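Structure first, commentary second.
The values are calculated or read from the model by the stated rules, or taken from the named source; none is laboratory data. Predicted model only: the values in this text are computed from it and were never measured. Cβ sites come from the backbone with ideal geometry, for glycine too, and all protein chains shown count toward neighbours.
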Amino acid sequence: MCLYAFFQIAAEFHRITNISLKNKFYAELDKHTLQLLAVYRQKARTGKAAEALRRIFSAYDRLEPNDINNRRTAALRGLPVYLREDDSLFFKMWNTEEVDEPDIADSAVALVSMVNGDSSSTVQFDPAGFAIALEVLISNIYSQHTEETPKPTVTIKPAQHVFRGETVTLRCDIYAEGVTSWQYSWYKDSSGYAFSELQEHTFSSVTESDAGKYSCYGAEREVSRTSRTSRRSDVVTLTVSGEFDHLFTFTHKFIMLLMSDFSASDPRAVLSVSPQTWLTEGDPVTLICEVNGSSTGWTFSWFTDTGSSDYSSCYELLSDSSRGAGGNYTVSSAALNHTGVYVCRAERGEPAYKTQYSNTQLICVTGVSPPVSLIVRPSRTQHFTSDSLSLSCEDQSNSTGWTVRRYTDSRRLEDCSSLRRGSQTGSTCTIRDTITHDTGVYWCESESGENYHPVNITVHLGVILESPVHPVTEGETLTLRCLDRHTTPPNLRADFYKDGSLIQNQTTEMIISNVSKAHEGFYSCKHRERGESPKSWISVTASFRGLGSGGLDPVIAGVTAGLIGIFLIIVFLVLLWRNRNNKGGGSQSLSRVSQHQNSSQTSEQNQSEAGNKTLMSDIVSGLTEVTYAEIELKSTEKQKKNKENKGKISESSDTVYSKLNLETHQAAGSSDVTYAQIK
């Protein structure tokens, strides 16, 4: 006994006869349906089969009588009853949710109705599908063993989870030795009717109605007694996301979505940042772009949000966007000008199907020496509502060419000049009558579009924490206060917290001396009656004032460089003098020096009288440079020892110390004149 799906019988019948079994069968059945139903009704009045026929017509009469499918079903179900055959052996019901296999052991031929769930009706007019049970006696149609029958493989591109409007291709591959050409049949869900006979079936613009479970079947095109067929493939599920599915991914941000999002059917990419959005110059950072529920076949592009005056977004493609095509855009060492608002977008398929732009992500990079400073007045990160706030971009040379920009908690990128309560004068932004919506990150933007020195500003209705705007340097003193605009003085006696933990209670100000990196964190204050302030991040930067910080003090480095320069100049002048002294009259000068030295060694009286005697050496006539040398030599031996050794010549026993002074003057009518005096 073998169980074959209807489509297998129909496919084989079509392969052999080139006739559609379904169409042929129904055409012949429809010719006799009305007559058969009339005969059944007459038989239902009396006789052994009357009761069974009345049950069939009881179910049939509750349905639409003009529906041709209902008439066909009633005609078929009544036929074995009218012929007084046991219809329980022919019509069988298979509840696919309860058992894996139908009971067909005692049936030579049977029609199996596949149903889902509870089906207790005598007449099943709407089965999920049909299968046919045949006892194979002599046949070469399905003579192959199960293990030799090939099983097709179904693939879906670009992915099994797609979005409305994408181009989707189903492909059926069958591998069997000796078969060069297959005729394919595609089936959806439990339908027994093939909707396509192509190896690849393409949905040019897929919709939710195309979602379902797909399988394929194949038969060899060349018809012969040994022609082969395949088994039915495993089911592959295609999921199609609809128009608004992607919006509910961000239910907590739903009110922030622009109304334009509701008219789009494209999915939205999701952008995240690792490890954090606030960075110190030199830190690594990675932007991660994903498409929720779908990870296959996407390539990604990266943009910065440049904003515009009408509150809409304007995205500019990063020049090196292609290096993040895999979904991760990594900056190994963040620079100050990496501060900005980033978005991403994904695409796949041919023609390209693009997602909506992702949510925005702000990256803030702080450094020790930014080219411009954002000066906040009043100088604190938290501010009261209904106050005036001033922000100025100031650099060492001038304050022109800078614009104050901000990114608020409503994820909007704005210029100061575009605010109804704001004005930009030069590089100074003034916000009048502050409100909580002014909370956000502010920075300075150059004329070329580079962003520097981000500062987090919080506007709060109630108690605020007075904390420094800029990072605190290691070793400095940090002072925090809790302020309330409705008290005089505004300083409150409050509790202070770091990262949610109480660190000091009931004090008007908290002072931390000799700040270190360990003091970084989120700080807040709380008054028992007035309430609690928002949290502010306090950053601590390393000190560079000592050698221990990893570099030389600038003053020491400058002095060292100056001394090295002076030493090199002296060496150069000595070499220059020796070079000039060896020119032309060098031998004459040496002769005179030797005579003077011999004279000093042979006579103490002469040495004493000649102690200050000078010897002049003139340069050879005709040279443009004249060098004068004055040499004074003193013996280190005592006079007594010199008397005892008078007349003796011992050049190696005496040590001579010499002092060289060089002076250069410009002589009239000549070039440089150098005087050298040796003592």
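Just one of the listed residues (THR541, THR487, THR479) is of a type in the set (Ser, Thr, Tyr), modelled with pLDDT under 95 and under 20 Å from VAL455 (Cα atoms), namely THR541.
For the range 219-245, a tally of residues being surrounded by 15 or more Cβ atoms within 10 Å (Cβ to Cβ), of a type in the set (Gly, Ala, Ser), over 16 Å from PRO158 (Cα atoms) and at pLDDT below 90 returns 3.
Looking only at the range 389-404, filter to residues that are at pLDDT 85 or above and polar (S, T, N, Q); which one of those is surrounded by the fewest Cβ atoms within 10 Å (Cβ to Cβ)?
SER390
Considering ILE511, ILE464, ILE457, the condition of being touching a Ser or Thr at 6+ places or on another chain (Cβ under 8 Å), within 21 Å of LEU413 (Cβ to Cβ) and touching a residue at least 24 places away in the same chain (Cβ under 8 Å) is satisfied by ILE457 alone. Residues that are among the hydrophobic types (A, V, I, L, M, F, W, C), on the phi < 0 side of the Ramachandran plot and surrounded by fewer than 19 Cβ atoms within 10 Å (Cβ to Cβ): does the range 475-487 have at least one? Checking the range 475-487: at least one residue is among the hydrophobic types (A, V, I, L, M, F, W, C), on the phi < 0 side of the Ramachandran plot and surrounded by fewer than 19 Cβ atoms within 10 Å (Cβ to Cβ). Within the range 510-530, the residues that satisfy the criterion of being at negative phi and surrounded by 15 or more Cβ atoms within 10 Å (Cβ to Cβ) are MET510, ILE512, VAL515, HIS519, GLU520, TYR523, SER524, CYS525, LYS526, HIS527, ARG530. Among the residues of the range 392-420, count how many are of a type outside the set (Phe, Trp, Tyr) and within 30 Å of SER358 (Cα to Cα). Residues in the range 392-420 being of a type outside the set (Phe, Trp, Tyr) and within 30 Å of SER358 (Cα to Cα): 17 in total. Scanning the range 357-373 for residues that are in a strand (DSSP E or B), modelled with pLDDT of 90 or more and in contact with a helix residue (DSSP H, G or I) (Cβ under 8 Å, 6 or more places away or on another chain) yields a total of 1.
Exactly one residue out of SER215, SER181, SER196 is loosely packed, with under 12 Cβ neighbours inside 10 Å and either touching a strand residue (DSSP E or B) at 6+ places or on another chain (Cβ under 7 Å) or closer than 27 Å to ILE19 by Cβ (or both): that is SER181.
Figure legend. Inter-residue proximity from the range 405-433: first residues buried (at least 18 other Cβ atoms within 10 Å of the Cβ), second residues part of a strand (DSSP E or B) and among the basic types (Lys, Arg), beta-carbon distance below 8 Å, spacing 6+ or different chains. Indicated pairs: LEU413/ARG405; LEU413/ARG406; GLU414/ARG405; GLU414/ARG406; CYS416/ARG405; CYS416/ARG406. Only a single item in (1) modelled with pLDDT of 90 or more; (2) within 42 Å of the chain's Cα centre (by Cα) is not met by GLY165, and it is number (1).
Every residue, every condition in (1) hydrophobic (A, V, I, L, M, F, W, C); (2) out of contact with any helix residue (DSSP H, G or I) (no Cβ under 7 Å at 6 or more places or on another chain); (3) not assigned by TED's automatic domain parsing to the domain that holds THR385, yes or no:
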| position | (1), (2), (3) |
| --- | --- |
| PRO468 | no, yes, yes |
| LEU480 | yes, yes, yes |
| TYR497 | no, yes, yes |
| ASN514 | no, yes, yes |
| HIS527 | no, yes, yes |
| ALA542 | yes, no, yes |
